[in-house]
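Everything on this sheet refers to the single structure shown next.
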Amino acid sequence: DPYLSSRMGVAEVRGLQGRTLPLGPGRVFATLKHFAGYGVPQAGTNAGPAEITRRTLRQMYFEPFKAAIDQANAQVVMASYNEIGGIPSHANRWLLTDVLRKDWGFKGIVVSDYDAIEQLMTLHHVAANLTDAAARALYAGVDVDNPDGQAFAHLPQALAEGKVTMGEINQAVRGVLRLKFEAGLFEHPYVNATYARKITDNAQARALALKAAQQAVVLLKNDGTLPLN
């Protein structure tokens, strides 16, 4: 249900980020994932191809992402492992640049899934080596190589070979630096670990989790259970 998913996504982004930039105290950037169509792979195989028409993508699977960006100002999107129409998401410029940035006006950054840029070589076989994989991902619109930058470490080589431009590299760096400024990381680079432990799984958090569970109950059939006391 694109409407229900949109409402849940908007609420969660607002809960994590708040409603203002720079981020307020205790806030973190939310990451929208996985863009796109990751939940409907062929044969239910994780990271398998998702054969979805562009019409269905726009009507169903794009809507929650767009709502979270337009209504909750989400600033980070993670590309998905799968391919759509034979094109892996991490190498899909139509998806990450034409739709996300040009059509929707997204100003944030796109991050890779875990080792997904390497998988352009090892899983999808659309890149001959890590240099090619890094170049394809950067050109498509990926700004950050998770988890350890193993592929993007080859960007200097890709630059020397003319596979990427300095302008493309600068654009990715600029986006990451902007988010770090918006998060206040240059002024306050470290969290308060003692405070984090104090508020994790405390009585207030447990009470809220219980309330959410009680209010989210869905019955396929009311055999006298409702109304709840």
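In order along the stretch 220-229, the phi-based Karplus estimate (6.51 cos²θ - 1.76 cosθ + 1.60, θ = phi - 60°) of 3J(HN,Hα) comes to 6, 8, 8, 9, x, 5, 8, x, 6, 8 Hz; Gly and Pro are listed as x. The C-alpha atoms of the chain define a longest principal axis, and helix 130-140 lies at about 60 degrees to it. Accessible area of residue 166 (1.4 Å probe, protein heavy atoms only, ligands and nucleic acids ignored): about 90 Å². The residues neighbouring residue 151, those whose beta-carbon lies less than 9 Å from its own, together hold a net charge of -3 under the Lys/Arg +1, Asp/Glu -1 convention. For the chain, go through all pairs of different Cα atoms, get the mean of 1/r, take its inverse, and jot down that Kirkwood value in Å. Hydrodynamic radius (Kirkwood, Cα pairs) of the chain is 19.6 Å. Divide the volume of the convex hull around the Cα atoms of the stretch 4-106 by the residue count and you get 100 Å³ per residue.
For the stretch 87-181, taking Cα atoms only, Rg and Dmax work out to 12.4, 37 Å respectively. The DSSP beta bridges internal to the stretch 5-139 are antiparallel in roughly 25% of cases.
Once the Cβ-Cβ distance of residue 209 and residue 188 is raised to the sixth power relative to R0 = 30 Å, the FRET efficiency obtained is 0.60. Rounded to the nearest Hz, the phi-derived 3J(HN,Hα) couplings of the stretch 92-104 under the Karplus curve 6.51 cos²θ - 1.76 cosθ + 1.60 (θ = phi - 60°) are 9, 5, 4, 6, 8, 10, 5, 7, 5, 8, 7, 6, 8, where x marks glycine and proline.
To the nearest 10, the accessible area of residue 163 is 80 Å² with a 1.4 Å probe. For the pair the stretch 130-174 and the stretch 14-79, the centres of their Cα atoms are 23 angstrom apart.
Remark: accessible surface ordering of 132, 145 (largest first) is 132, 145, probe radius 1.4 Å. Eigenvalues of the alpha-carbon gyration tensor of the stretch 154-229, scaled by 5 and square-rooted, set the equivalent ellipsoid semi-axes at 49, 24, 10 angstrom, largest first. Probing with 1.4 Å while keeping every protein chain in the model, the per residue accessible area of the stretch 127-216 equals 67 Å². Straight-line reach from residue 163: taking Cα to Cα under 29 Å and skipping same-chain neighbours fewer than 8 places apart, the lysines in range are 33, 102, 107, 180. In the complete set of protein chains, residue-level accessible area for residue 139 is approximately 110 Å², probe 1.4 angstrom.
Going Cα to Cα from residue 221, which lysines come in below 28 Å? Please leave out same-chain ones fewer than 8 positions away. Straight-distance partners of residue 221: 211. If you take every residue apart from residue 59 with its C-beta less than 13 Å away from the C-beta of residue 59, what net charge results, scoring Lys and Arg +1 and Asp and Glu -1? Overall, the nearby charge balance is +2.
The values are calculated or read from the model by the stated rules, or taken from the named source; none is laboratory data. Since we're looking at a predicted model, the values are computed, not measured. FYI the Cβ positions are ideal-geometry reconstructions off the backbone, even for glycines, and counts take in every protein chain you see. The accessibility values were calculated without ligands, DNA or RNA, using every heavy atom of the protein model including side chains. Shrake-Rupley method; radii C 1.70, N 1.55, O 1.52, S 1.80 Å.
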